[in-house]
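*Asks:* Structure incoming, see below.
Please treat every number below as a calculation from the coordinates, not as lab data. All values reported here derive from a predicted model rather than from experimental measurement. Neighbour counts run over all protein chains shown; Cβ positions are idealised from the backbone, glycine included.
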Amino acid sequence: MSIYDISAKLEDGTQYSLERYRGQVMLIVNTASKCGFTPQFEELEALYKKYKNEGFVVLGFPSNQFKQEVATAEEAASQCRMSYGVTFPMHEIVKVNGKDAHPVFDFVTSHSKGILGKSVKWNFTKFLVGPDGEVVARFGSTDKPSSFEDEIKKILG
């Protein structure tokens, strides 16, 4: 199974296949609108705007698994867009750990290990996926997006 075989739903319920991002560099992030790391949306958006025309996309997946998200995906995305100017794709609220974890997170966590092994420790864990669909790197909640910009540039060529 490849990451491109996985489908996801945008905040408005529109379902699509990650196949649309084949050949691009993806930064997959589990987000939360009521988290101490929520200000990272600013840096995520800055990276997205800077590199989107070079084949880079940020994919935000709100999760309430750590009890720091609002009630609905649309509310979460709206808050991110209004407070931080987010324009990158935001998705439905998903689980990132356990038997009900979204397939995207099953894939990225099984292809990278963090401090707690496969599990996502907290909100704003970030997974950098190369243009071949392979997980290149995993960054924790405390890793600011700007701290790995050079790695993004290197993968983009």
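*Asks:* Hey, rough spin-label estimate for Lys121 and Met1, points 7 angstrom out along Cα→Cβ, what's it come to in nanometres?
*Replies:* About 2.6 nm separates the two model spin labels.
*Asks:* Among Lys49, Lys99, rank each residue by its count of other Cβ atoms within 10 Å, from fewest to most, as a rough exposure measure.
*Replies:* Ordered from fewest to most neighbouring Cβ atoms within 10 Å, Lys49, Lys99 come out as Lys99, Lys49.
*Asks:* I've got another one for you. Once you place label points 7 Å from the Cα toward the Cβ at Thr14 and Asp150, how far apart are they in nm?
*Replies:* Each label point lies 7 Å from its Cα, and together they span 3.7 nm.
*Asks:* So for Thr109, Thr125, Thr31, Thr142, fewest C-beta neighbours within 10 Å to most, what's the order?
*Replies:* Taking fewest neighbouring Cβ atoms as first place, the list is Thr142, Thr109, Thr125, Thr31.
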